[in-house]
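Input: a single structure, listed below in structure tokens.
The values are calculated or read from the model by the stated rules, or taken from the named source; none is laboratory data. Quantities reported herein were computed from a predicted structural model and do not represent experimental measurements. Using ideal geometry, Cβ is built from the backbone for each residue, glycine included, and neighbour counts are taken over all protein chains shown.
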Amino acid sequence: MAPENTMAAFLKAREMGADALEMDVQRSSDGVLVVIHDDTVTRTTQGRGYVHAASFSWLQTLDAGYKFGDKFRGERIPRLEEVLSFVKSTDMGINLELKASPVPQPGLEQQVVDVVRQYGLTEKTVISSFYFDCLQRIKSCDPTVSIALLSSYYSPVAPGFAKQFGADAIHPNRRSVTSALQQDALRLNVKIRPYTVNERRQIQLFNAWGMDAVITNHPGMAKEALGQTRSR
């Protein structure tokens, strides 16, 4: 394994045959789009503080890999552009989750849409969020961008709600996925991609139900569970 949201992790995912990369996008105090999950750097680096309050130059001094041992020491928090440049050289898709910041970040959605378009990756990109307003702003920036509604809990109205505001998919917590949810989504032509599915039997079950994809930390295992090749 490799430290999350780093280039080492994305390279490893490609090596293991992942069809797409999932990552979390935030913005530094000086307007740089960076790839990191939490709204602070505390859990994944040796630093402390909020991402939105830090300059990109300071974020680059942090070690995002040292907790994984010497092999990953010196791994940095990547810019979104760095990851997009890598994805462009592959046949993989990309799922960008826009995180909620503790403070408003006007223009974030437009900035993300613009940089994805700059790299020619609009058709290979899904932008996801737990926040309805964020996804609406994405669609207002570019109606052609594929969006997905993240959901922690299952609701019978979720597929219809997603369809109503133009979401192509729902990314629900794996614990909330049911056969009924899948059937409702299929009827409305909304895709279901559960997260984070790390058990072989659950991957096989979701595949049998006709799920579009699963979001997993173990793409190699997932490929094997589905009887697919891992090489790329």
Original post:
If you go through segment 39-67 one residue at a time, how many are under 15 Å from Asp24 (Cα atoms) and among the aliphatic types (A, V, I, L, M)?
Top reply: 3
Original post:
Based on what the data block shows, is Thr44 touching a residue at least 60 places away in the same chain (Cβ under 8 Å), β-branched (Val, Ile, Thr) and outside the structural domain of Thr216 (by TED's automatic domain parsing)?
Top reply: no
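Is it the case that some residue within segment 186-204 is of a type in the set (A, V, I, L, M) and closer than 23 Å to Val112 by Cβ? Steps first, answer last, please.
Quick first cut of segment 186-204, residues of a type in the set (A, V, I, L, M) only: 186, 188, 190, 192, 197, 203.
Imposing the further condition that a residue be closer than 23 Å to Val112 by Cβ reduces the set to 190.
Yes, that holds for at least one residue.
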Original post:
Restricting the first residue to segment 98-112 and requiring it to be within 15 Å of Val126 (Cα to Cα), which pairs with a second residue that is at pLDDT 95 or above and acidic (Asp, Glu) meet a Cβ separation below 6 Å and a spacing of at least six or different chains?
Top reply: Lys99/Asp24
**OP:** Could you please let me know if Ile147 is surrounded by 17 or more Cβ atoms within 10 Å (Cβ to Cβ), under 30 Å from Tyr50 (Cα atoms), in contact with a helix residue (DSSP H, G or I) (Cβ under 6 Å, 6 or more places away or on another chain) and among the β-branched types (Val, Ile, Thr)?
**Re:** yes
**OP:** Could you tell me which of the residues Gly65, Gly31, Gly69 is over 19 Å from Val116 (Cβ atoms), in contact (Cβ under 8 Å) with a residue 40 or more places away in the chain and either aromatic (Phe, Trp, Tyr) or not assigned by TED's automatic domain parsing to the domain that holds Ala222 (or both)?
**Re:** Gly65
**OP:** Consider only pairs whose beta carbons are under 9 Å apart and that are at least six residues apart or on different chains; among these, list those whose first residue lies in segment 2-15 and is acidic (Asp, Glu) and whose second residue is assigned to a loop (DSSP other than H, G, I, E, B) and at pLDDT below 95.
**Re:** Glu15/Arg230; Glu15/Arg232
**OP:** Could you pull out every one of the helices (runs of 4 or more DSSP H) wholly within segment 116-232 that has 3 or more residues that are touching a residue at least 24 places away in the same chain (Cβ under 8 Å) and within 29 Å of Ala9 (Cα to Cα)?
**Re:** 132-141, 200-209, 219-225
